[in-house]
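I have placed the structure first, in the form of structure tokens, so that the comments after it can refer back to it.
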């Protein structure tokens, strides 16, 4: 890991904010904890994004949430009055589908994917021409029986060559048991959307994608290829899609061990930690072997807007 | 680990079988894969257990299955025509309850336990006077909502000082999310019934207790105290309950990494691996850093009965 040797700079006034904005042409944003908390936009989110657009900055949104497709994300942005195109959004579900296509080189129309996760994964696969099984199939909602599950009694689908696993709030024994059967086949690739152990919601911290993927990893005695932040698969896809000059890019996020690590290990010109999500100022300044320090940090993203005015 | 230096002896005739029986006064049996496979008794299970009783041997049954209570196990034995008392049975659910009582020293009538697992755990706790929450409570069967779950909206129960987690085929997001809330409290102990990643059933291998406990361990960033085989908590409880001479005890099981490890690390006089469960002859003879070799092995337990006749 390339350590951030200089102490992080807190953005506290107009001059620092202006200097920060001048340094970068492209901003990569994490979403939850940065732009909004669940279904509530953080203060001045719309205003700061509009300001950046007016300044000619390129905006890209990078989220480890795999439950929604990119299309569904554009609607979430629209509900906050923000006009964002599908092409500007990278979810860990989309990154997993890109990994299946560009790295594993599975063939659309031939190879199939078993999904342990919500609709955001299967929708992205479908757009690339891949048939997916599992996921939110309602036949998986019933209690598991080895002798009755339609996924076992007819045998496993021989065309399934990959499992993509992510957060699934419909997790049950049926889904875990059938997914394991596919993972027991050496020829089936094992892809995890993102390693996050938890996610914050309404003042609580709930089990994240990583906690489910690690359960499957333990039962199958296999390790997944993780696709979301901080994995470089995701960054490489973004840099290549937009032909970015990494030195003029800044990653903005609320987590040291995913967002800041993603920006630093990816060699981006800068990183901005916002304290409106999961991290504290103390953690931002701490030197740790587990995660890098950010180049800049700020209480919340919208403060840049109010400082610049 | 005390390695078994001599090559394992295969019991193949009456002389070896007789010598094996003469060596030990007490036999500790794993159940599934040794006495039965699921709901089917293995050949001559009833006969060999009756023979051992006639020879004055002490029989103890030690299972990592926490889904059934010891009382429920006596009924399973009875269904195969075998008369076994509750006191002869040690499940990982019972071992966990003993750990809560004797090691953690929680107070019955005051301290409560949150259970992630099936009825076998709560029933054993109840017999010791502990109130348990969670488990098979039907309010946990409904889809999870942070703002509607009765386990969150009224606040966590302040008297819960321990989580016991085990195999739960009713696993869902509601159970995982609420269990995590208790594990996020430093004062709440974290006990796992058993580490088994999988268990065999009807020609398949399905996710075991360990795969669920490891999910909770990952989301909470904590490690559980495991109670089932091969953990010594279980053996110490048994040795103490029966005042056993360990040198005259033999552990009989079908798994190298739990049953044989349990017998060898526990310093029992002998171990017998049966090949009617999950292991092969090749694995029994292999020298591995991960698990010990057995002292004796045999195709199936009932063969001792037919050889002796």
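Quick one: how many residues across the stretch A:181-219 are part of a helix (DSSP H, G or I) and within 7 Å of another protein chain (Cβ to nearest Cβ)?
Filtering the stretch A:181-219 down to residues part of a helix (DSSP H, G or I) leaves A:181-183, A:209-219.
From the residues that got through so far, the ones that are within 7 Å of another protein chain (Cβ to nearest Cβ) too are A:181, A:210-212, A:214-215, A:218-219.
So the count comes out to 8.
Within the stretch B:216-252, which residues are closer than 24 Å to residue B:168 by Cβ and buried (at least 23 other Cβ atoms within 10 Å of the Cβ)? Break it down stepwise before answering.
Restricting attention to the stretch B:216-252, the residues satisfying the condition of being closer than 24 Å to residue B:168 by Cβ are B:216-231, B:233-234, B:237.
Of everything in the stretch B:216-252, those that are closer than 24 Å to residue B:168 by Cβ and buried (at least 23 other Cβ atoms within 10 Å of the Cβ) turn out to be B:216, B:219, B:220, B:226, B:227, B:228, B:229, B:230, B:231, B:234.
Would the stretch B:258-269 turn up any residue that is touching a helix residue (DSSP H, G or I) at 6+ places or on another chain (Cβ under 9 Å), on the phi > 0 side of the Ramachandran plot and in contact (Cβ under 8 Å) with a residue 40 or more places away in the chain?
Checking the stretch B:258-269: at least one residue is touching a helix residue (DSSP H, G or I) at 6+ places or on another chain (Cβ under 9 Å), on the phi > 0 side of the Ramachandran plot and in contact (Cβ under 8 Å) with a residue 40 or more places away in the chain.
Does residue A:115 meet the test of being part of a strand (DSSP E or B) and free of Cβ contacts under 8 Å to residues at least 60 places away in the same chain?
Criteria met by residue A:115.
Which condition does residue B:83 not pass, out of (1) free of Cβ contacts under 8 Å to residues at least 24 places away in the same chain; (2) surrounded by fewer than 19 Cβ atoms within 10 Å (Cβ to Cβ); (3) under 24 Å from residue B:199 (Cα atoms); (4) not assigned by TED's automatic domain parsing to the domain that holds residue B:255, if it passes all the others?
Evaluating residue B:83 over (1) free of Cβ contacts under 8 Å to residues at least 24 places away in the same chain; (2) surrounded by fewer than 19 Cβ atoms within 10 Å (Cβ to Cβ); (3) under 24 Å from residue B:199 (Cα atoms); (4) not assigned by TED's automatic domain parsing to the domain that holds residue B:255 leaves (3) as the failure.
Let's see how each residue does on (1) without any contact (Cβ under 8 Å) to a residue 60 or more places away in the chain; (2) touching a helix residue (DSSP H, G or I) at 6+ places or on another chain (Cβ under 8 Å); (3) more than 30 Å from residue B:226 (Cα to Cα):
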position: B:20; (1), (2), (3): no, yes, yes
position: B:26; (1), (2), (3): no, yes, no
position: B:29; (1), (2), (3): no, no, no
position: B:37; (1), (2), (3): no, no, no
position: B:41; (1), (2), (3): yes, no, no
position: B:54; (1), (2), (3): yes, no, yes
position: B:64; (1), (2), (3): no, yes, no
position: B:76; (1), (2), (3): yes, no, no
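What's the number of the condition residue A:81 fails, among (1) in contact with a helix residue (DSSP H, G or I) (Cβ under 8 Å, 6 or more places away or on another chain); (2) on the phi < 0 side of the Ramachandran plot; (3) at pLDDT below 95?
(2)
Would you pick out the residues in the stretch A:228-250 that are touching a residue at least 40 places away in the same chain (Cβ under 8 Å), more than 13 Å from the chain's Cα centre (by Cα) and not in a helix (DSSP H, G or I)?
Listed by number, the residues that qualify are A:244, A:245, A:249, A:250.
Within the stretch B:128-149, how many residues are surrounded by 11 or more Cβ atoms within 10 Å (Cβ to Cβ) and within 14 Å of chain A (Cβ to nearest Cβ)?
9
Going by the conditions given, is residue B:105 crowded, with 17+ Cβ neighbours inside 10 Å and either at positive phi or in contact (Cβ under 8 Å) with a residue 40 or more places away in the chain (or both)? Walk me through it before giving the result.
On the way: crowded, with 17+ Cβ neighbours inside 10 Å: no; either at positive phi or in contact (Cβ under 8 Å) with a residue 40 or more places away in the chain (or both): yes.
Judged against the criteria, residue B:105 is not a match.
Could you figure out which of (1) crowded, with 23+ Cβ neighbours inside 10 Å; (2) within 14 Å of chain A (Cβ to nearest Cβ) isn't true of residue B:96?
(2)
When you check residue A:195 against the structure, is it in contact (Cβ under 8 Å) with a residue 24 or more places away in the chain and under 19 Å from residue A:33 (Cα atoms), yes or no? Before the answer, list the steps.
Numbers: in contact (Cβ under 8 Å) with a residue 24 or more places away in the chain: yes; under 19 Å from residue A:33 (Cα atoms): yes.
Yes: the conditions hold for residue A:195.
Do we find that residue A:263 is assigned to a loop (DSSP other than H, G, I, E, B) and under 17 Å from residue A:62 (Cβ atoms) in this structure? Show your work before the answer.
Details: assigned to a loop (DSSP other than H, G, I, E, B): no; under 17 Å from residue A:62 (Cβ atoms): yes.
Taking the combined requirement at face value, the residue does not satisfy it.
Search the stretch A:155-170 for residues being surrounded by fewer than 23 Cβ atoms within 10 Å (Cβ to Cβ) and facing another protein chain (nearest Cβ under 9 Å), and hand back the single one that is nearest to residue B:202 (Cα to Cα).
Checked the stretch A:155-170; the qualifying residue nearest to residue B:202 (Cα to Cα) is A:170.
Being touching a strand residue (DSSP E or B) at 6+ places or on another chain (Cβ under 8 Å) and either in a helix (DSSP H, G or I) or without any contact (Cβ under 8 Å) to a residue 60 or more places away in the chain (or both) is the filter here, so list the residues in the stretch B:155-167 that pass it.
B:157, B:159, B:160, B:161, B:163, B:165
Residues A:152, A:125, A:71: which one is in a helix (DSSP H, G or I), within 14 Å of chain B (Cβ to nearest Cβ) and either out of contact with any strand residue (DSSP E or B) (no Cβ under 6 Å at 6 or more places or on another chain) or on the phi < 0 side of the Ramachandran plot (or both)? Quick ask: steps written out before the conclusion?
Values: A:125 fails: within 14 Å of chain B (Cβ to nearest Cβ); A:71 fails: within 14 Å of chain B (Cβ to nearest Cβ).
Exactly one of A:152, A:125, A:71 is in a helix (DSSP H, G or I), within 14 Å of chain B (Cβ to nearest Cβ) and either out of contact with any strand residue (DSSP E or B) (no Cβ under 6 Å at 6 or more places or on another chain) or on the phi < 0 side of the Ramachandran plot (or both), namely A:152.
The values are calculated or read from the model by the stated rules, or taken from the named source; none is laboratory data. Not measured: the values here are computed from a predicted model. Neighbour counts run over all protein chains shown; Cβ positions are idealised from the backbone, glycine included.
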